[in-house]
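Just so it is clear, none of the values below were taken in a lab; they were calculated from the coordinates. Every value quoted in this text rests on a predicted model; they were computed, and no experiment measured them. Here the Cβ is made from the backbone with ideal geometry for all residues, glycine too, and neighbour counts use every protein chain on show.
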Amino acid sequence: MIDHIGGLVFAPSRHNLSRAITRLVAVCLAMLTMALSVPAFAQANNPSGLPLPRFASTRSTPINVRVGPGTKYEVAWVYLKAGMPVEIVQEFDTWRKIRDVDGDEGWVHQNLLSGNRVGYVTPLMANAEIALRARQSDDSGERARLGPGLRVAIKECDGSWCEVSATHQPEGGRSSTYSGYLRQEELWGVYPNEEFD
């Protein structure tokens, strides 16, 4: 068989075909190796070696959130409460660029952040309450009704459901803590399909 390609005539032999297949396999293996090494390379480029983006929480207060990675930069705003959920979106040396639930971004020192997972009940601006379930099922009993924007501690997530606890502190009253399960899409502070324990 003779192929005409762009004015050139090719008459492939069995030997040339074998070499072409060998080269194709080598190129495919090289591309696969490069593709598999990209995530590891991306993680290794971060000072912490941890993936980006990722969720964390504020450790102590007050926390000066700066416009750049260092104390020479202006303070953009100050966190006055510990345990606020933030998303780490960039790293520079010992500084972490964070994003809050409103989408505002700034830089804080790594020592001011914790790996404790905290989140907010969503949708943040809706009036609807969300059921805190006794088990990982929409059919299980309700432990409590949680309002939008309520901060919860996230214990673990399985890709669909998260085990959380929420504390209610009425003004002048005793606090009550409720534990149960929320669907992952009902939280800001965890990624879709993310799993951890």
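Between residue 46 and residue 142, with labels modelled 7 Å along Cα→Cβ, what's the label distance in nm to one decimal, could you check?
It works out to 3.8 nm between the two label points.
Between residue 129 and residue 105, what is the spin-label point distance in nm, taking each point 7 Å from the Cα along the Cα→C-beta axis?
Going by the 7 Å Cα→Cβ label model, 3.8 nm.
Multiplying the sequence separation of residue 196 and residue 74 by 0.36 nm and subtracting their Cα-Cα distance, what value in nm do you get?
Between residue 196 and residue 74, full extension yields 40.4 nm more.
Of the listed peptides 55-63, 77-85, 170-178, what is their order by residue-averaged count of other C-beta atoms within 10 Å, with the highest listed first?
Ranked by mean Cβ neighbours within 10 Å, highest first: 55-63, 77-85, 170-178.
Report ³J(HN,Hα) in whole Hz for each residue of region 65-80, in order, from the Karplus equation J = 6.51 cos²θ - 1.76 cosθ + 1.60 where θ = phi - 60°; Gly and Pro get x.
Per residue, the Karplus-derived 3J(HN,Hα) values read 9, 9, 7, x, x, x, 6, 6, 8, 4, 7, 7, 7, 10, 7, 9 Hz.
Roughly how big is region 119-196's charge dipole about its Cα centre, with Cβ charges of +1 (Lys, Arg) and -1 (Asp, Glu), in debye to the nearest 20?
340
Once amide H atoms are placed 1.01 Å from N in the peptide plane, what residues at a sequence separation of 5 or more from residue 76, or on another chain, have their amide H within under 5 Å of its amide H?
Those qualifying (amide H under 5 Å, at least 5 residues apart or on another chain) are 65, 66, 67.
Order the peptides 131-138, 180-187 from the highest to the lowest mean number of other Cβ atoms within 10 Å of their residues.
180-187, 131-138
So if I take the centroid of the Cα atoms in region 175-197 and the same for region 78-125, what is the distance between those two points in Å?
Using only Cα atoms, the two centres lie 17 Å from each other.
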